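Here's the structure, in structure tokens; my notes come after.
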Amino acid sequence: MKKVGLAQLLTAVEEIPAAAFIWHEKEEHNLPYHQHNKGQLMYIDGGAAFLYTRDQTYFLPARHYMWVPAGVEHYFEHRYPANYIRTIYFFLDPTEHSDPFYNKTGIYPVNNLLLEMIMYTAKWDGNILPGTKPFQFLTTLKQLLPEISIQPLPISIPTTHQERMRPILLYIQTHLHEPLSLESVGHTFGFSERTLTRMFRSAMDISFFQYLKLARIIRAMELLLQTDKTISEIAYDTGYNSISAFSNTFCKLVGQRPSAFAASATGSIREEEE
């Protein structure tokens, strides 16, 4: 499909409710907030991307796909245009609403079977109509998702649109390599530790330290996928003075050691001891 704007894309996606819609794109991708009436599967051929809902930021690494339920307002940011974004908008099927999988935003590992099925769709573009063999194929793919997507990637980070929190979050994101603390960040913005603690709880429903930990690990995941830095370099770049502390925190949140995550997502092996 030739390059289209958001309005044109959403019109095309919604044009035939009973159809599936396939879109393959190879360019930088940064759409504003939008929603649609079809469930959406997104996969990137390597690299990484971010998906933002109104209250969460999700990191989509290589060898994972993201499921966005129908009606969820979101936008998608792809910062590395060298890789294809493969998106399938699935037809409406009210009979599937009883399965909780289809109603929850999530990121899941892609096994070999699902990868082959996603890549097989590269030959199609645009609307896939009911009654056709491609539609039957996509029906099978969709029905397989709850069975093969048992364990989601257990990491996302809350966000907020409260005006006084936005510069604080931006500051944290741009200073993750520094020894940030409640005291130092509060001093920068003229808040006491108690006030800053209360602001995070009320606006984000998370503590300052939980937010900082999640932000650092998501940045580490991005660096593992997009750079050739060693694990120790990435640990220090994300504010850790101890490689073991970094590795243990990473494993607790992601479910894998940094080297194992990088190997499963990119095929690269980090030789450094953790």
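Residues of segment 257-266 that are under 17 Å from the mean Cα position of the chain (by Cα) and surrounded by fewer than 18 Cβ atoms within 10 Å (Cβ to Cβ): Ser264, Thr266. Report yes if some residue within segment 1-11 is of a type in the set (S, T, N, Q) and either modelled with pLDDT of 90 or more or within 14 Å of the chain's Cα centre (by Cα) (or both); otherwise report no. For segment 1-11, residues of a type in the set (S, T, N, Q) and either modelled with pLDDT of 90 or more or within 14 Å of the chain's Cα centre (by Cα) (or both): absent. Name the single residue that is modelled with the lowest pLDDT among those in segment 129-162 being open to solvent by less than 20 Å² (accessible area, probe 1.4 Å) and either in contact with a His (Cβ under 6 Å, 6 or more places away or on another chain) or not in a helix (DSSP H, G or I) (or both). For segment 129-162, the residue satisfying everything is Ile155.
The values are calculated or read from the model by the stated rules, or taken from the named source; none is laboratory data. Nothing here was measured: the structure is a model prediction, and the numbers come from that model. Neighbour counts are summed over all protein chains in view; Cβ atoms, including those assigned to glycine, are modelled from backbone coordinates with ideal geometry. Accessible surface is based on the protein model in full, side chains and every heavy atom, while ligands, DNA and RNA are left aside. Shrake-Rupley method; radii C 1.70, N 1.55, O 1.52, S 1.80 Å.
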